[in-house]
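Undergrad: Take a look at the following structure, please.
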């Protein structure tokens, strides 16, 4: 199979190759400079020793020669560096283990016109990738690539979708023209190693400096020269990398086209649109077990639970199902992204999902679909799931013998946790990213309005439009102040130059004010709607009190959170080397803040709602911390246990603040829901 690369691909390939050529030219100049410097330093060292042989001249001569040699070694050290990928979290599978999977891989390899993977691995995650160990010599020697397939991906795709995703990965290596990507990648790695990966180099120079006070002077000189070389290389890294990223985006489009030709456009599109939900579901399960750590609970099959969570979340969002999987639409994946700003991210290595899908739809390649679950490819997928899950949890150090949570219990607990940590669907996500308006006043409603109108799709979109506009304003202001290095950008379909950004700011500000006013008017109607319903049901006092209480907490929240920021700043010295006297003074200065912290923590942990999800050990530690005085530094040594208590209390402060805020909001919305339900029931009766 041969696919003609696009003109954009050819253009960006040429730009990438040119950037490599320029880098090579600059590197050769630096290389020649370091050779000349090394030879000059060695000759100078010999001359110093020869002029007057004695101990001091021997030290000076050796030091000077060492400076030249260290600078020269700095410029060539990447030749000896090899990047080895960590495989500890991977599980290798062989052809005999899963013959049907390997038959699929063989078909893909043949159709893509590339080489079979050296090894195939299963990973924990929701992804697939091709990787290889690389070094400088990788640019000249053939490399066999390894394939990694995530269990969380297999678990949430059809056979055809899995084939499409794997075809995309091999599509990157399906044509000789793609080799340039590997070259640019290796050049980036070389520059990165030269600039950043120099710990062993610095250790060698510092060891050299420790031999003699004279040598430390020459070590400083070596660092001076390498610092200047680093400056040049950083500039080169930016120059090469920005062109590499532009090429990478085109390579993604190309790999998508390879996948579409092998498995069809639709299979890749549908899997791409579901990928975010599948990954989010996997992360939700991991987060669930993070909270169960103190109870020594683990999972027997995290992927069965991922599948449940994915369908549960899809059902909550009223997403339709297809082939037993959520069928996410493009409009749903970007439902709340209302930004009018479009800046081509020159540092992004992947195009946006919308760009990829637009191109896939333009290709519109139709293939016969195998819509059975991808997990059916495996001999015994459930057994494999359980083995990988066991390996995942084997790295967790539990306090006691762990127990596996039964699937039915997981379902029940997850649903309860979800309902507890989310706002009711009745409000249609209106309050998910905004609060009730605390500035509204009570007044008579002039027109009869329905609950559905208050929280209609249009009203919800106002909320997310405002969020997008406020983010757009920050970005446009940053562009006007030249914080973004761009020449042009699009806003609301119109192209602007960087210098014109400041003229756009009033337009965006006006749109923000207009949207705020619309939301404010709707919030005023909402308040009076519920105030009227509360009065009808003799609950007006409760409604007003809850509304007012939440508003008061909202007003004081920032001030309370400032205590956390102040505490973090006051204890920042714990992470730096600090003189003993200064440490003692710092802890003395910390006292007033610590008293405020103890008071706040005491108030919070006495709130049953806030401590309900905490483990007993943390509650016990917080009580012990607030009830006693603790010494943090004694005999010029930190008291580690006491410091742990202090930091635990500081870190729990924002947790308590956030949870209290959430519960106050949820309590108000719960009452509003009850008022509406009672009103609806009264109408029926």
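Undergrad: Any idea what the alpha-carbon Rg over 2.2 N^0.38 Å comes to for the range 8-123?
TA: Values: Rg = 26.2 Å, N = 116, 2.2 N^0.38 = 13.4 Å.
That works out to 1.96 for the range 8-123.
Undergrad: If you don't mind, another one. Run the quick spin-label model on residue 553 and residue 211: label points 7 Å from Cα toward the beta carbon, then report their separation in nm to one decimal.
TA: 6.7
Undergrad: Moving on. Label point 7 Å out from residue 532 along Cα-to-Cβ: which residues of the range 437-470 have amide N under 11 Å?
TA: Counting backbone N atoms under 11 Å from the label point, the list is 443-451.
Undergrad: Right, here's the next one. Can you give me the angle between helix 640-684 and the longest principal axis of the chain, using Cα atoms only, in degrees from 0 to 90, rounded to the nearest 10?
TA: For 640-684 against the chain, the angle is about 40 degrees.
Undergrad: So how much slack lies between residue 584 and residue 387, counting 0.36 nm per residue of separation and subtracting their Cα-Cα distance, in nm? Walk me through the intermediate numbers first.
TA: Numbers: separation 197, 0.36 × 197 = 70.92 nm, distance 5.22 nm.
65.7 nm is the gain from fully extending residue 584 to residue 387.
Undergrad: Here's a follow-up. I'd like the FRET efficiency for residue 651 and residue 116, computed as 1/(1 + (r/R0)^6) with the beta carbon distance as r and R0 of 56 Å, rounded to 0.05. Intermediate values should be presented prior to the final figure.
TA: Values: r = 49 Å, r/R0 = 0.88.
That gives a FRET efficiency of 0.70.
Undergrad: Place the peptides 222-235, 353-366 in order of packing, highest mean first, counting for every residue the other Cβ atoms within 10 Å and averaging per peptide.
TA: Details: 222-235: 16.4, 353-366: 14.6.
Descending packing order for the listed peptides: 222-235, 353-366.
Undergrad: Mind checking the full-extension length gain between residue 125 and residue 17? Use 0.36 nm per residue of separation minus the Cα-Cα distance, one decimal, nm. Mind showing how you got there, number by number?
TA: Working: separation 108, 0.36 × 108 = 38.88 nm, distance 3.40 nm.
Gain on extension, residue 125 to residue 17, equals 35.5 nm.
Undergrad: Ok, one more. In degrees from 0 to 90, rounded to the nearest 10, what is the angle of the helix 159-171 Cα long axis to the longest principal axis of the chain?
TA: 30
Undergrad: Ranking request for peptides 369-376, 502-509: highest mean number of other beta-carbon atoms within 10 Å first, then the rest in descending order.
TA: By packing density, highest mean first, the sequence is 369-376, 502-509.
Undergrad: Can you tell me the mean projection area, over all orientations, of the convex hull of the chain's alpha carbons? Units nm², please. Mind showing how you got there, number by number?
TA: Values: hull surface 163.5 nm².
For the chain, averaging the hull's shadow over all directions gives 40.9 nm².
Undergrad: Calculate, for residue 457 and residue 321, the FRET efficiency according to 1/(1 + (r/R0)^6) with r their C-beta to C-beta distance and R0 25 Å; round to the nearest 0.05. Each step should come with its number before you reach the end.
TA: Numbers: r = 22 Å, r/R0 = 0.87.
Here the calculated transfer efficiency is 0.70.
Undergrad: Let me ask something else about it. Figure the gain on full extension for residue 52 and residue 107 (residue separation times 0.36 nm, minus the Cα-Cα span) and round it to one decimal in nm. Mind dumping the intermediate values first?
TA: Details: separation 55, 0.36 × 55 = 19.80 nm, distance 7.55 nm.
That works out to 12.2 nm of additional length.
Undergrad: To the nearest Å, what is the center-to-center distance of the range 241-275 and the range 1-66, using C-alpha atoms only?
TA: Spelled out, the Cα-based centre of one part sits 39 Å from the other.
Undergrad: Given a Förster radius of 56 Å and the C-beta distance between residue 639 and residue 486 as r, what FRET efficiency does 1/(1 + (r/R0)^6) yield to the nearest 0.05?
TA: Values: r = 52 Å, r/R0 = 0.92.
So, using R0 = 56 Å, E works out to roughly 0.60.
Undergrad: Could I have the simple spin-label model distance between residue 510 and residue 544, label points 7 Å from Cα toward Cβ, reported in nm to one decimal?
TA: The answer from the label model is 4.1 nm.
Undergrad: With runs of 4+ DSSP H residues as the only contributors, calculate the mean residue ellipticity of the chain at 222 nm using -39,500 (n - 2.57) per run, divided by the residue total and rounded to the nearest 500.
TA: Details: 22 runs with 444 residues, N = 685.
Helix contribution divided over all residues of the chain: -22500 deg cm²/dmol.
Undergrad: Given points 7 Å out from each Cα along the Cα-Cβ axis, report the residue 432 to residue 86 separation in nanometres with one decimal.
TA: Computed distance between label sites residue 432 and residue 86 equals 3.3 nm.
Undergrad: Let me ask you something else. Hey, what angle do you get for helix 616-627 against the long axis of the chain, alpha-carbon based, 0 to 90 degrees rounded to 10?
TA: 90
Undergrad: Hey, what's the per residue convex hull volume over the C-alpha atoms of the range 410-466, in cubic angstrom? Write down the numbers at each step before the final one.
TA: Details: hull volume 7.3 nm³, N = 57.
Expressed per residue, the convex hull around the Cα atoms of the range 410-466 is 128 Å³.
Undergrad: Over the residues of the range 555-664, compute the C-alpha Rg and express it relative to 2.2 N^0.38 Å. Spell out each step's value before the answer.
TA: Values: Rg = 14.6 Å, N = 110, 2.2 N^0.38 = 13.1 Å.
Cα Rg divided by the expected 2.2 N^0.38 Å: 1.11.
Undergrad: Quote the relative contact order of the chain in percent (integer), defining contacts as alpha-carbon pairs under 8 Å separated by 6+ residues. Please list the in-between numbers first.
TA: Numbers: 778 pairs, mean separation 81.5, N = 685.
Reported relative contact order: 12 percent.
Any read-out appearing in this document is the output of simple, stated calculations on the displayed coordinates, not a laboratory observation. What you are looking at is a predicted structure, and each value in this text was computed from that prediction instead of being measured. As a convention, Cβ positions derive from the backbone with ideal geometry for all residues, glycine included, and neighbour counts pool all protein chains shown.
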